[in-house]
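The values are calculated or read from the model by the stated rules, or taken from the named source; none is laboratory data. Here the structure is a predicted model, which is why all the values come from computation and not from measurement. Neighbour counts run over all protein chains shown; Cβ positions are idealised from the backbone, glycine included.
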Amino acid sequence: MKIWEKLFLVVLVLSLSVGCDQTTKRVAEQTLKHAPAKSMLQNTVRFHYVQNTGAFLSFGAKFSKTFKFWSFLLLPTIVMCLMVLFAIFSRTLSRGQVVMLMLIVGGGLGNLIDRLFFGGKVTDFVSMGIGPLRTGIFNVADVAIMFGSLGMFLLMMLPERGDIVPDENVELVSAVALSAEEAQEKRVY
């Protein structure tokens with residue numbers, strides 16, 4: 001893949017993921033901030049506005065401001081910049097891997113924007129569950145990070161196109177699809 005194609009993918013995925021994240025957070029702020037929680041699908045999906053000062057599931061909410069600055073602002077910024085550079089200049093990443101990597105970065109960037117412009121707080125507004133089993137409260141950026149991580153893992157597990165070696169039984173499998181006459185002509189049983 002050429003660098004301009006990678007740049008296009010990087011800008012497209014980052015723009016869409018950050019744009020969707022920030023838009024949904026502002027809508028949640030306008031509609032849910034001073035309202036009671038709203039439930040859908042018999043309380044399977046619940047919308048309620050929360051400002052999270054920690055990381056995933058409020059981890060680190062009670063850390064010092066200095067530690068939060070380093071671990072929630074500076075370090076993620078450096079890591080995300082390195083991930084973008086890797087996505088652009090790597091010769092080994094597929095299109096799908098670039099997309100998944102940029103979903104992770106886009107989610108991180110969406111939450112970083114909140115931390116920078118809203119006093120270190122990230123807007124979360126949706127949770128899911130059945131009965132007493134519920135997820136933590138999350139946002140679209142968190143979904144992008146999780147989807148990108150899962151997608152990257154799955155893409156890494158798939159064999160590369162050049163790694164697929166034809167099997168001896170390919171001829172036999174192909175013959176099954178042929179009519180009986182064609183199979184007889186090829187003498188494949």
Test for Gly120: is it closer than 18 Å to Met146 by Cβ and not basic (Lys, Arg): no
If you scan the range 1-27, which residues turn out to be among the charged types (D, E, K, R) and assigned to a loop (DSSP other than H, G, I, E, B)? Lys2
All conditions in (1) surrounded by 13 or more Cβ atoms within 10 Å (Cβ to Cβ); (2) under 27 Å from Met157 (Cα atoms); (3) modelled with pLDDT of 90 or more are true of Phe56 except (3)
Just to be sure before I move on: is Lys186 touching a strand residue (DSSP E or B) at 6+ places or on another chain (Cβ under 6 Å), among the charged types (D, E, K, R) and at pLDDT 55 or above in the structure I sent? no
Single unsatisfied condition, Thr92 versus (1) without any contact (Cβ under 8 Å) to a residue 12 or more places away in the chain; (2) over 15 Å from Ile3 (Cα atoms); (3) of a type in the set (Val, Ile, Thr): (2)
Taking the range 108-140 and keeping residues assigned to a helix (DSSP H, G or I) and in contact with a strand residue (DSSP E or B) (Cβ under 8 Å, 6 or more places away or on another chain) leaves Asn111, Asp114, Arg115
Gln42 versus (1) in a helix (DSSP H, G or I); (2) free of Cβ contacts under 8 Å to residues at least 40 places away in the same chain; (3) more than 24 Å from Met100 (Cβ to Cβ); (4) not aromatic (Phe, Trp, Tyr): which is the lone unmet condition? (1)
Of a type outside the set (Val, Ile, Thr) and closer than 25 Å to Val45 by Cβ: does that describe Met80? no
In the range 104-125, which residues are surrounded by 23 or more Cβ atoms within 10 Å (Cβ to Cβ) and farther than 15 Å from Pro76 by Cβ? Thr123, Asp124, Phe125
Has the range 70-83 got at least one residue that is surrounded by 13 or more Cβ atoms within 10 Å (Cβ to Cβ), at pLDDT below 95, among the small types (Gly, Ala, Ser) and not in a loop (DSSP other than H, G, I, E, B)? yes
Residue tally, condition closer than 18 Å to Gly119 by Cα and either without any contact (Cβ under 8 Å) to a residue 60 or more places away in the chain or hydroxyl-bearing (Ser, Thr, Tyr) (or both), over the range 2-29: 1
